[in-house]
Each structure stands twice: as structure tokens, then as C-alpha cells.
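Inspection log for the structure reproduced underneath, given as C-alpha cells.
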Amino acid sequence: MRISGIGIWTATYIARRALGWADAFPETDLGIRKALGDKKPKEIRTMSEQWKAWRSYAVMTLWDSLHAEAK
């Protein structure tokens, strides 16, 4: 199903926040790419397999690491 204006990032964000999905992982997210050294989405998807079932928590950790670097 496609909804105009709703892309992968928005869908995974809603799945993670509103639906409580523990494995929602937007590999194209700019923050995730920056936290992992600007890897390509395919590389990130492969890397994220080790976190499978809990990738939403990996997203929060990766985003948080960006705030820690800024301090």
C-alpha cells in the first residue's frame, strides 16, 4: 500500500513509535548513515542483520551517539 507523501522513513518511524515495533529500521536515514560512517543503505541493511528483532533500539542508540559527539 502506498500513501502519497509517506515514504520509508516516515513509515518506519510510525511503526517504531506508534505501533511499538522493535525491529523498524530506516536504513536510508541520514542520522543512521552519519553515525555509521556514511555507509550506503545496502551496507547498513547488511550490518543491521546482527541487531535483527531489536533494530529500533539500535536506531535510538545510533541517533543518541550523534548527540554525544556534538557535546
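FYI, it's all coordinate maths here, none of it is from the lab. In this text the structure is predicted, and so the values were computed from the model without any measurement. Positions of Cβ are backbone-derived with ideal geometry, glycine not excepted, and every protein chain shown enters the neighbour counts.
Only four residue types carry charge here, +1 at the Cβ of Lys and Arg and -1 at the Cβ of Asp and Glu. Report the dipole size of the stretch 22-70 about the Cα centre in Debye, rounded to the nearest 20.
Details: 8 positive and 8 negative charges, 37 e Å.
Here the stretch 22-70 has a charge dipole of around 180 debye.
Under 19 Å Cα to Cα from LYS39, which aspartates and glutamates show up? Leave out anything in the same chain fewer than 8 places away.
Once the sequence-local aspartates and glutamates are set aside, what remains near LYS39 is GLU27, ASP29, GLU49, ASP64, GLU69.
Return the distance in nm (one decimal) between the two label points of a simple spin-label model at ILE14 and HIS67, each offset 7 Å from Cα along Cα→Cβ.
2.5 nm
Amide H neighbours of TRP21 under 5 Å, at least 5 residues apart or on other chains, H built in the peptide plane: list them.
ARG16
For the stretch 22-70, list log₁₀ I(q)/I(0) at each q in 0.14, 0.21, 0.22 Å⁻¹, using the Debye formula over Cα point scatterers of equal strength and ignoring solvent, two decimals each.
-0.28, -0.64, -0.70
Relative contact order of the chain: what whole-number percent is it, with Cα pairs under 8 angstrom and at least 6 residues apart?
Relative contact order, the chain: 31 percent.
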